[in-house]
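A.B. asks: One structure coming up, written as structure tokens, with questions to follow.
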Amino acid sequence: MRQTDSSTSGTVLLTGATGFVGRELLWRLVRQPGNRVVCLLRAKNDAEAAAKLAHVLDQARPEPLTAEQRARATVVRGDLTEEELGLSPEQQDELAASVHRVIHDAATVDWATSLETARQINVEGTRRILELAALAHARGVLRRFDYVSTCHVCGRRRGRIAEESLDDSEGFFNHYEQSKFEAEQLVRSSALPFATFRLSSVVGDSRTGYSSTFKVMYWPLKMLSRGMAWVVPADRRGIVDIVPVDYVCDALEALSADMSQRGKTFHLAAGPEHSSTIGELLDLGVKTFRVRAPLLVPPSVFFYTLRPLLFLITWGKRREMLRKGRVYVPYFSFRAPFDTSQARAVLDKLGLRPPLVQDYFQKLIDYAIASDWGKRPPNVAAVSVPAGGAERRP
């Protein structure tokens, strides 16, 4: 039976408010009367922290925030890499006495980072947030601890990945995956009323195309749009699980509010029923940009034969593409569908389902081109995908 946390009193502590998903959550939270949202932000001083928060609030979508809504957000300067988060004893005491919900979304998502750096931020940072949350829980204040993770804690495993599964037997593709796996272990071992939300590849808003970041899926599409993708190390049947940020935030908030779901892990993903393949997305991109389809070759063949050759005969941006693109390659032949049964059992009753990427792909591309893939504020009138070739940038 659904047991909704309907209380509007107290404080929400949010980390990662300047990030892609974090800012979307912040905008939702401050639109709710009765909420007070404290954003823990890293900054050199209080003035810089306040400026960072103001900048995020200024960008609120789909409509601007009112003065009353903006006033519901405050900022505390803190750092996940410092002991006790860099907070004073007075700040810790104030938060422990008032925080009824913690949303821990901050993390380094750099797939090429060192294991030491990934652990310092993603693992030890989570440990420090858990310690602060435990103080609030001990006082009987904390009701919810929501941890934002990644579906890719599955690492190199293949086959259907269950939501409660946490298995490192096959290893990981990168240190980001490993550090998020280790952080999930910490959350599970806590005595807090937690819920873990694993995200797949999150893209822009399905209604407007808006995105504040242009990584993961966007990077190879950008290369395709500019005619720079000659040969791609990918499996046409590789799984691409993409979800828009509006669905992710709506689903997270709905699942979090159901108190009967505490202690569970959810895949906020398209799942086997709504995911796509490399081939399907490539076809969409080729059709949208009106470019020639690149040659797809097995990653093993590409790295041991073609990549060294291409390094010899290319230079400039194409060589840089070869260097930067390497971190994405494991996901171009990914074969591990993310089961969403546990999330679906709740969300289906609420009418929340992930849309098919084919239904909003054009909106994502329109916004990406209008903003020059995040380099400037969007100008929709400047979007131009000519009939005879690759993307034309104004």
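The values are calculated or read from the model by the stated rules, or taken from the named source; none is laboratory data. Computed from a prediction, not measured in an experiment: that's the story for all the values here. All Cβ positions, even for glycine, are placed from backbone atoms using ideal geometry, and neighbour counts span all protein chains on display.
A.B. asks: Of the residues that make up the range 217-225, is at least one at pLDDT below 95 and in a strand (DSSP E or B)?
C.D. replies: For the range 217-225, residues at pLDDT below 95 and in a strand (DSSP E or B): absent.
A.B. asks: Quick check on the range 150-177: of everything there that is polar (S, T, N, Q) and out of contact with any Lys or Arg (no Cβ under 8 Å at 6 or more places or on another chain), which residue is farthest from Tyr328 (Cα to Cα)?
C.D. replies: Step by step, filter the range 150-177, then rank; the result is Ser165.
A.B. asks: With the checklist (1) small (Gly, Ala, Ser); (2) out of contact with any Leu (no Cβ under 7 Å at 6 or more places or on another chain); (3) surrounded by 22 or more Cβ atoms within 10 Å (Cβ to Cβ) in hand, flag the one item Ala251 doesn't pass.
C.D. replies: (2)
A.B. asks: So, in the range 267-288, of the ones that are in contact with a strand residue (DSSP E or B) (Cβ under 9 Å, 6 or more places away or on another chain) and closer than 14 Å to Arg353 by Cβ, which residue ends up surrounded by the fewest Cβ atoms within 10 Å (Cβ to Cβ)?
C.D. replies: Applying the filter and picking the extreme gives Pro272.
One line per residue, one yes/no per condition, for (1) in a loop (DSSP other than H, G, I, E, B); (2) farther than 30 Å from Glu273 by Cβ; (3) within 24 Å of the chain's Cα centre (by Cα):
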| position | (1), (2), (3) |
| --- | --- |
| Gln91 | no, yes, no |
| Thr113 | yes, yes, yes |
| Leu142 | yes, yes, no |
| Phe145 | no, no, yes |
| Val148 | no, no, yes |
| Val153 | no, no, yes |
| Arg158 | yes, no, yes |
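A.B. asks: Is it the case that some residue within the range 339-355 is crowded, with 17+ Cβ neighbours inside 10 Å, small (Gly, Ala, Ser) and at pLDDT 95 or above?
C.D. replies: yes
A.B. asks: Kindly indicate whether any position in the range 64-79 is under 19 Å from the mean Cα position of the chain (by Cα) and of a type outside the set (Phe, Trp, Tyr).
C.D. replies: no
A.B. asks: If the requirement is being closer than 21 Å to Tyr147 by Cβ and either loosely packed, with under 15 Cβ neighbours inside 10 Å or polar (S, T, N, Q) (or both), which of these qualifies: Gln69, Gln120, Gln59?
C.D. replies: Exactly one residue qualifies, and that residue is Gln120.
A.B. asks: Also, I was wondering about something else. Identify the single condition in (1) surrounded by 14 or more Cβ atoms within 10 Å (Cβ to Cβ); (2) at negative phi that Pro64 does not satisfy, given that it satisfies every other one.
C.D. replies: With respect to (1) surrounded by 14 or more Cβ atoms within 10 Å (Cβ to Cβ); (2) at negative phi, Pro64 is out only on (1).
A.B. asks: Would you mind telling me which numbered condition in (1) touching a strand residue (DSSP E or B) at 6+ places or on another chain (Cβ under 8 Å); (2) at pLDDT below 95 Leu364 fails?
C.D. replies: For Leu364, the exception is condition (2).
A.B. asks: Any residue that is charged (D, E, K, R), modelled with pLDDT of 95 or more and surrounded by 12 or more Cβ atoms within 10 Å (Cβ to Cβ) - is there at least one of those in the range 315-334?
C.D. replies: no
A.B. asks: Let me ask you something else. Could you say which residue among Glu84, Glu24 is of a type in the set (Asp, Glu) and either over 21 Å from Leu135 (Cα atoms) or assigned to a loop (DSSP other than H, G, I, E, B) (or both)?
C.D. replies: Glu24 is the lone residue from the list that is of a type in the set (Asp, Glu) and either over 21 Å from Leu135 (Cα atoms) or assigned to a loop (DSSP other than H, G, I, E, B) (or both).
A.B. asks: Is there any pair with a first residue in the range 157-168 that is over 19 Å from Thr196 (Cα atoms) and a second that is among the polar types (S, T, N, Q) and not in a loop (DSSP other than H, G, I, E, B) whose Cβ atoms are under 9 Å apart and which are 6 or more apart or on different chains, and what are they?
C.D. replies: Qualifying pairs under 9 Å: none.
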